[in-house]
Amino acid sequence: MEEKRLSFTEHLEELRARLIKSAIALGIGFVICYIYSKQLFNILLMPLTRVLPKGSSMVFISLTEPFFTYLKVAFLAGLFLSSPFIFYQLWKFVSPGLYTKEKKYVIPFVLLSTIFFVGGACFGYFVVFPYGFKFFLGLATKNIRPFPSIRDYLSFSSKLLIAFGLIFEIPLITFFLAKIGLITSTFLSSKRRYAILVMFVLAAIFTPPDIVTQLMMALPLMLLFEASVIVAKIFGRKPEEEKKEEKDKGKKKKKEK
């Protein structure tokens, strides 16, 4: 049975409903994580506190800074906690435009999206943070001692965690786009030069204005792009599949007539 086509207004209503549900899930995640916000912030601090020189410590420079820091930590953790539901809402929004056989990927999409999102953040936390912080703190001298602000640290770390979580979604997005025939490995390969330029621009946007941190994001982006080319080549729609699909469409139109 052919599904009813949604009008532009109905699409907007659908988007609104999905956004509201995602916001509610995020709010629930925020409340749960706020209960453990101090412990979560201590975990977030570990990559930095482990490499802080003796005599240095984290500081705050305004009375309200710790309070708002814990709120932001709870929001960040709530985002990761509610990410499976948010990815599910994203799938439900785009699924009406897919074929019936493509809609069955909902569980793999939600599961893998969550794994890649959290995995990207873990890569930033366990790999990028230790080396990055060690490099920056290595610039300290006897006359320049580091006393990082908790507000600045949270702003820096949360931006990177979310950025790494999102960029690790690239191979997964490529898989689904290639599966439905929107992109091919040939197309990606032909746009490699432009992709590299975009990667460095994104790295410059999401990271502080220093070449070390930018490279730490740009290099994984380049590796993920190459992985995406391989994914598109392996899982992309084959010519025979496209021919079969065209035949099925032709038969369906004849039946409708």
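Please treat every number below as a calculation from the coordinates, not as lab data. Fair warning: this is a prediction, and the values are worked out from it, not measured in the lab. Methodologically, a virtual Cβ is constructed for each residue, glycine included, from the backbone with ideal geometry; neighbour enumeration extends over all protein chains shown.
Short to long, the 10 Å bins of the Cα pair-distance histogram for segment 169-237 hold 23, 46, 24, 7, 0 percent of all pairs. How much FRET efficiency would the formula 1/(1 + (r/R0)^6) give for Arg145 and Ser62, where r is the Cβ-Cβ distance and R0 is 22 Å, rounded to 0.05? Rounded to the nearest 0.05, the efficiency is 0.60. P(r) for segment 7-151, from all Cα pairs and a bin width of 5 Å, is 2, 8, 13, 14, 16, 13, 10, 8, 7, 5, 3, 1, 0, 0 %, short bins first.
Note on the chain: with a GNM built from Cα contacts shorter than 10 Å, the maximum mean-square fluctuation among Lys191, Lys54, Lys38 falls on Lys54.
The value obtained for the chain, namely the Cα convex hull volume divided by the number of residues, is 156 Å³ per residue.
Annotation for segment 157-178 versus segment 90-128: alpha-carbon center distance of 9 Å. Neighbour counts of C-beta atoms inside 10 Å place Cys33, Cys122 in the sequence Cys122, Cys33, starting with the fewest.
Ordered from longest to shortest, the equivalent ellipsoid semi-axes for segment 124-179 are 34, 12, 6 Å, each the square root of 5 times a Cα gyration tensor eigenvalue.
Determine the calculated [θ] at 222 nm for the chain from helices alone, applying -39500 (n - 2.57) to every DSSP H run no shorter than 4 residues and normalising by the residue count; nearest 500 deg cm²/dmol. Please report the intermediate quantities before stating the final value.
On the way: 11 runs with 190 residues, N = 257.
The helix-only estimate for the chain comes to -25000 deg cm²/dmol at 222 nm.
Computed over the chain with a Gaussian network model linking Cα atoms closer than 10 Å, the most mobile of Leu221, Leu139, Leu52 is Leu139. For Ile28 and Leu137, the FRET efficiency from 1/(1 + (r/R0)^6), where r spans their Cβ atoms and R0 equals 35 Å, is about 0.40.
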